[in-house]
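To start, the structure itself, in structure tokens.
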Amino acid sequence: MPLHTGQQDADGESTLAVNPFLGAANPVPGLETAPPKHRLPDGPMPPDSAYQLIHDELMLDGNARLNLATFVTTWMEPQAGQLMSECLDKNMIDKDEYPQTAELERRCVAMLAALWNASDPDNTVGCSTTGSSEACMLAGLALKRRWMERNRERYAAGARPNLVMGINVQVCWDKFCNFWEVEARTVPMDGDRFHLDPAEAAALCDEDTIGVVAILGSTFDGSYEPVWDVCTALDELRARTGLDIPVHVDGASGAMIAPFLDPELEWDFRQPRVASINTSGHKYGLVYPGVGWALWRDREALPEELVFRVNYLGGDMPTFALNFSRPGAEVVAQYYTFLRLGMDGYRAVQQASRDVAVSLSERIGKLRQFRLLSKGDELPVFAFTTTDEVTAFNVFDVSRRLRERGWLVPAYTFPENRTDLAALRVVCRNGFSSDLADLFMSDLERLLPELDAQPGPLHRPQLSTAFHH
């Protein structure tokens, strides 16, 4: 039998090809049969060989640093990586076994509560999660349970709760409504308004509305939704009808941008109608995936029956999460980043990202082939599309050609009422420097003459979306 079999063994089993040099000093023994792809091998192999096989396959993944689609952090300092490796074996749910990890989580919650202007940060209720999706689920559950408590008889009689939000929400909110049997009431886009309209949101509310979701940083174009105006519209609704509708702020990205770059913007717990806020520590919180955070204004905003309590240093510690077994590494990394940067450090990092986004968007906006949809002056994110005069190519062609140079730039169509609009989106994160932006711009300008020479658009997927990050 050959030393490496290519695609199939004698039994027709799909196998991995093995380089003879993986046999270390003697490349022959142990390499006469390549390991199968889809079932456990019959025996073990040396750790270096297993590592190299997997390492070689992963070379086919895109370069994370050049991924301008994802909001997720793609670089941290080596010291953060060291701390994470020291905590990978610690299960976050075991608060009594790992009390100091639990303490660091509690400190992070208090830091975020202060950052978001909670009235009593040290006693604000909150928890870490695996990311914003889980945090949104928890916030949605709290909204639903509060509504159920206030409408026990009507709920028992068949009243169906609903949640009001813009159609631009991240897919996790659709999942929440599906999984927990809540009617999703969405405000469509209209013209150049690509996110929630306060008046339309209030108009969709009724006695069965558990809350309104406002997004601080839409994934479609990076724009902030007007949280204060949404709250004002709901205040007016209460004055007219008596309906008291809480607001949840999905700050997956913006809750770690606005406090540093837009401190005058009152989107957080300074607004009394905001009941809860979530963010992604692994996005502009500057931590590797996956960690998120969910905080509630006070104990009234999080019904007690949803909280589980564990013994913690002889005391009582509340927990509220969908996931149980997960490493403490990301929480420790979040605490490291909070200590490492502080207010001034975060401000400098986020400002650098916004500066790159604004500068790059301005340069792209000056090209005759493109029209800006946003400028990167809220989230460090901007979207652009082709001008009406461009008929030789579309945004999907641009995305495909940029990928040839290693750049991952999503092209996607907008949802209801603006399905005619297709765009490209660029996410500027820490690590995407002005130098890299220059290289990106050079590659974009280099491919435009070739695209202009096409007889027409060549590429348009059946389903084009970029919102699974």
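The values are calculated or read from the model by the stated rules, or taken from the named source; none is laboratory data. In this text the structure is predicted, and so the values were computed from the model without any measurement. Glycine gets a Cβ as well: all are built from the backbone with ideal geometry, and neighbour counts include every protein chain shown. SASA here: full protein model, heavy atoms, side chains in, ligands and nucleic acids out. Shrake-Rupley method; radii C 1.70, N 1.55, O 1.52, S 1.80 Å.
Put simply, of L143, L115 the only residue that is under 17 Å from L339 (Cβ atoms) and modelled with pLDDT of 95 or more is L115. The selection criterion, being open to solvent by 30 Å² or more (accessible area, probe 1.4 Å) and over 26 Å from G217 (Cα atoms), holds for E450. Looking across region 258-289 at every residue that is in contact with a helix residue (DSSP H, G or I) (Cβ under 8 Å, 6 or more places away or on another chain) and of a type in the set (D, E, K, R), the one that is nearest to R429 (Cα to Cα) is identified as K283.
For region 391-428, the tally of residues that are in a loop (DSSP other than H, G, I, E, B) and open to solvent by 20 Å² or more (accessible area, probe 1.4 Å) stands at 11.
Remark: pairs (first residue in region 318-340, part of a helix (DSSP H, G or I); second residue hydroxyl-bearing (S, T, Y) and open to solvent by 20 Å² or more (accessible area, probe 1.4 Å); Cβ separation under 8 Å; 6+ apart in sequence or on different chains) = A329/S85; E330/Y288; A333/Y288. Among the residues examined, A184 qualifies as free of Cβ contacts under 8 Å to residues at least 24 places away in the same chain and touching an Asp or Glu at 6+ places or on another chain (Cβ under 8 Å). Being open to solvent by 90 Å² or more (accessible area, probe 1.4 Å) and either closer than 28 Å to N323 by Cα or modelled with pLDDT under 90 (or both) is a description that applies to Q82. Checked against (1) modelled with pLDDT of 95 or more; (2) open to solvent by 20 Å² or more (accessible area, probe 1.4 Å); (3) of a type in the set (V, I, T), V307 passes all but a single condition, namely (1). All conditions but one from (1) within 20 Å of the chain's Cα centre (by Cα); (2) at pLDDT 95 or above; (3) open to solvent by less than 40 Å² (accessible area, probe 1.4 Å) apply to Y288; the one that does not is (3). The single condition among (1) under 23 Å from E300 (Cβ atoms); (2) modelled with pLDDT under 95 that R193 does not meet is (1).
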